[in-house]
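The values are calculated or read from the model by the stated rules, or taken from the named source; none is laboratory data. On a predicted model such as this, the values are computed, not experimentally measured, just so you know. Note: ideal-geometry Cβ built from the backbone for every residue, glycine included; neighbour counts use all protein chains shown.
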Amino acid sequence: DAGVIQSPRHEVTEMGQEVTLRCKPISGHNSLFWYRQTMMRGLELLIYFNNNVPIDDSGMPEDRFSAKMPNASFSTLKIQPSEPRDSAVYFCASSFLSGRNNSPLHFGNGTRLTVT
Amino acid sequence: AQKITQTQPGMFVQEKEAVTLDCTYDTSDPSYGLFWYKQPSSGEMIFLIYQGSYDQQNATEGRYSLNFQKARKSANLVISASQLGDSAMYFCAMREGPGSARQLTFGSGTQLTVLP
């Protein structure tokens, strides 16, 4: 089991540029979550998908952020245009949908984004 | 109101001693799950232990155990026989509702330092 795979691990970009973060969930998992971690705000949920369908995107900061899940094995989080306040670690996590609430989220190693 | 509260920003413990990390939660849903994660300085999020709201017994996983006091809405993590490798950030999280088709809400974390 390769775990959740995120790319890139680090991204440094200039303000105004487009940034695309990528995630491959664990095979067989059918829920996918994007979180952002900062010192000030901790771990915040941005959006999550069940069976490739976006369920809750209320955590997406603004229209500059968008996320897609075109199939069960791939998701992207895009920021366009990027701003310095978007600097954070972005985590992707996946889990298995079940009738019980005991499925933990399995996290990728995160993408550290720096916008200058 | 905060759904997950971790009141200890930092904790110190002597190697081989036990330590308790506090977590209180707020929900009106009778069905919920509580999770603890470890985040070492390398940044990855590691799932440690789960407790369901209907579980009769406190969860245990190796050196980790959960002191679950439902009436007080607390789910404290106990680490026995601390090791230097236990030094990390620890997060308490909750999923509300039955089933696993929802996100986890995280607390602000406790930074644990194990002293030699």
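State all residues of the stretch B:81-96 that are more than 12 Å from the chain's Cα centre (by Cα) and either more than 7 Å from chain A (Cβ to nearest Cβ) or among the small types (Gly, Ala, Ser) (or both); if no residue qualifies, say none. Even if it seems obvious, please write down each step before you answer.
Taking the stretch B:81-96 and keeping what is more than 12 Å from the chain's Cα centre (by Cα), we get B:81-88, B:95-96.
Scanning the stretch B:81-96 gives B:Ala81, B:Ser82, B:Gln83, B:Leu84, B:Gly85, B:Asp86, B:Ser87, B:Ala88, B:Glu96.
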Looking at the stretch A:92-104, I want the residues that are more than 7 Å from chain B (Cβ to nearest Cβ) and closer than 17 Å to A:Ile5 by Cα and have a partner that is among the aliphatic types (A, V, I, L, M) and not in a loop (DSSP other than H, G, I, E, B) with Cβ atoms under 7 Å, at least 6 apart or on another chain. Which pairs are those? A:Cys92/A:Leu32; A:Ser94/A:Leu32
Within the stretch A:61-83, considering residues that are touching a residue at least 24 places away in the same chain (Cβ under 8 Å) and among the small types (Gly, Ala, Ser), the one farthest from the other protein chains (Cβ to nearest Cβ): A:Ser82
Among what's in the stretch A:16-39 and is part of a loop (DSSP other than H, G, I, E, B) and in contact (Cβ under 8 Å) with a residue 60 or more places away in the chain, pick the residue that is nearest to the chain's Cα centre (by Cα). A:Pro25
Pull out all pairs, ordered by first then second residue, where Cβ-Cβ is under 7 Å, the residues are six or more apart or on different chains, the first lies in the stretch B:80-99 and is of a type in the set (Asp, Glu), and the second is outside any strand (DSSP E or B). B:Glu96/B:Thr27; B:Glu96/B:Asp29; B:Glu96/B:Arg102
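Consider the stretch B:57-72. How many of its residues are under 28 Å from A:Trp34 (Cβ atoms) and either of a type in the set (D, E, K, R) or under 10 Å from the mean Cα position of the chain (by Cα) (or both)?
3
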Exception for A:Asp86 within (1) under 24 Å from B:Ser108 (Cβ atoms); (2) within 12 Å of chain B (Cβ to nearest Cβ); (3) in contact (Cβ under 8 Å) with a residue 60 or more places away in the chain falls at (2)
Filtered residues of the stretch A:39-53 (kept if within 19 Å of A:His106 (Cα to Cα), of a type outside the set (A, V, I, L, M) and within 12 Å of chain B (Cβ to nearest Cβ)): A:Gly42, A:Glu44, A:Tyr48, A:Phe49, A:Asn50, A:Asn51
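Looking at B:Gln39, B:Gln8 in this structure, which one is within 18 Å of B:Gln103 (Cβ to Cβ) and not charged (D, E, K, R)?
Exactly one of B:Gln39, B:Gln8 is within 18 Å of B:Gln103 (Cβ to Cβ) and not charged (D, E, K, R), namely B:Gln39.
Starting from residues that are of a type outside the set (Gly, Ala, Ser) and within 7 Å of chain A (Cβ to nearest Cβ), keep the ones in the stretch B:97-116 and report whichever is farthest from A:Gly42 (Cα to Cα). Explain how you work it out, then say what you get.
Within the stretch B:97-116, the subset of a type outside the set (Gly, Ala, Ser) is B:98, B:102-106, B:110-116.
Add one more test, that the residue is within 7 Å of chain A (Cβ to nearest Cβ), and what stays is B:98, B:103-104, B:106.
On the way: B:Pro98: 25, B:Gln103: 15, B:Leu104: 13, B:Phe106: 8 Å.
Taking the candidates together, the pick is B:Pro98.
From the set of residues in the stretch B:1-50 that are touching a Lys or Arg at 6+ places or on another chain (Cβ under 6 Å) and over 18 Å from B:Val114 (Cβ atoms), which is surrounded by the most Cβ atoms within 10 Å (Cβ to Cβ)? Full working, then the answer.
We begin by selecting, within the stretch B:1-50, every residue touching a Lys or Arg at 6+ places or on another chain (Cβ under 6 Å); these are B:24-26, B:33, B:46, B:48.
Keeping just the survivors that are over 18 Å from B:Val114 (Cβ atoms) gives B:24-26, B:33.
Working: B:Thr24: 18, B:Tyr25: 21, B:Asp26: 13, B:Gly33: 26.
So the residue we want is B:Gly33.
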Applying the selection to the stretch A:1-30, what residues are modelled with pLDDT under 95 and among the acidic types (Asp, Glu)? A:Asp1
